[in-house]
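Take a look at the structure set out below.
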Amino acid sequence: MIYQRGSHEVRALDRVSLLIPSGQFVVVRGRSGSGKSTLMHVIAGLRKGTAGQVFVGETELQSLPASDADRFRRRNVGLIFQFFNLIPSLTVEMNIALPLLLDGYKLANLRRQIDELIDLLGMAHRRAHAPHELSGGEMQRVAIARALIIKPALILADEPTGNLDSRASDEIFSLLRDLSQERGVTTLVMTHEVEATRYANRVLEMSDGRIIADSAAPTPDSDR
């Protein structure tokens, strides 16, 4: 992945080769500018690399027209961001349902799925609230529920705890790990936080657009 910064050529990703088995929970660590976010955007089909291929299952995203890539992502990839990206004018349940509403589903037909996710994430008492009435941890739970409602094959999270305190961060990492295990969803978390590695099956270290280390991570303590 190469782009121009003024007169300079920048290699945001440099000869990255990666295979992630279905259901694996992977933490990608590195400093700001190491290539984590670019890697996520390329895997999600949000950006096209200057070379190479990206497969999610049997679908090769780099060769898809933009409209087809958007449709595939909306139906198969759950995205979670540092700043939550909730719609301020929508309630919790409407924010959760949004990906399927955009795909033509009726809200009345989604009640069962919404109820399941709201209960799973402990947000039943907040379902009619607007985002500004929630804590940071609660907003991230809504963002996770929104990612899950499409029943994704892949979840990509970019610094999902960057705006949270340590307790809320632990809760979010634990939640993502449990969901990956219970639902078999392949999960990649891009983060600078060392604590995240305790929840992963696998840890990738990035620097200057390259993967410089790839190792299994210890599982968290049973009481976490």
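Throughout, read-outs are computed from the coordinates displayed, never taken from laboratory work. Predicted model only: the values in this text are computed from it and were never measured. Note that each Cβ is placed from the backbone with ideal geometry, even for glycine, and that neighbours are counted across all protein chains shown.
Please work out whether region 122-224 counts as rounded, prolate or oblate from its C-alpha gyration tensor, where a ≥ b ≥ c are the square roots of the eigenvalues and a/c under 1.5 means rounded, while otherwise a/b larger than b/c means prolate and anything else oblate?
prolate
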Report summary line: To the nearest 10 degrees, the tilt of helix 66-76 (Cα long axis) against the first principal axis of the alpha carbons of the chain is 50 degrees
Query raised in the report: ³J(HN,Hα) across region 162-168 via Karplus (A = 6.51, B = -1.76, C = 1.60, θ = phi - 60°), whole Hz, x for Gly/Pro?
Result: x, 10, 10, 6, 5, 5, 5
Report summary line: For K106, counting only aspartates and glutamates whose alpha-carbon sits under 20 Å away and dropping same-chain residues fewer than eight positions off, the answer is E93, D115, E116
Requested in this report: Give me the angle, in degrees from 0 to 90, between the Cα long axis of helix 111-120 and the longest principal axis of the Cα atoms of the chain, rounded to the nearest 10.
Outcome: 70 degrees
**Report entry** Relative contact order of the chain, defined on C-alpha pairs under 8 angstrom at six or more residues apart (%)
**Finding:** 33 percent
Report summary line: If one builds a Gaussian network model of the chain from Cα atoms under 10 Å apart, the most fluctuating residue listed among V92, V56, V26 is V56
Query - Debye log10 I(q)/I(0) for region 15-143, one point scatterer per Cα, at q = 0.19 Å⁻¹ - result: -1.18
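Over 31 Å, how big is the tail of the calculated P(r) for the chain, in percent of all Cα pairs?
On the way: 5149 of 24976 pairs.
For the chain, the share of Cα pairs beyond 31 Å comes to 21 percent.
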Query raised in the report: In the calculated pair distance distribution of region 96-139, what percentage of Cα-Cα distances lie above 13 Å?
Result: 58 percent
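So, counting K/R as plus one and D/E as minus one, what does the shell of residues with Cβ under 15 Å around D70 add up to?
Local net charge: +4.
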Report task. For the chain, with a Gaussian network of springs between Cα atoms less than 10 Å apart, report the residue from V194, V77, V142 with the top mean-square fluctuation. Result -> V194
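Could you work out the longest stretch of the chain that avoids the chymotrypsin sites (Phe, Trp or Tyr not before Pro) located in DSSP loops with at most 16 other Cβ atoms within 10 Å? Could the numbers behind the result be given before it?
On the way: sites that count: F83, Y105.
Segment 106-224 is the longest.
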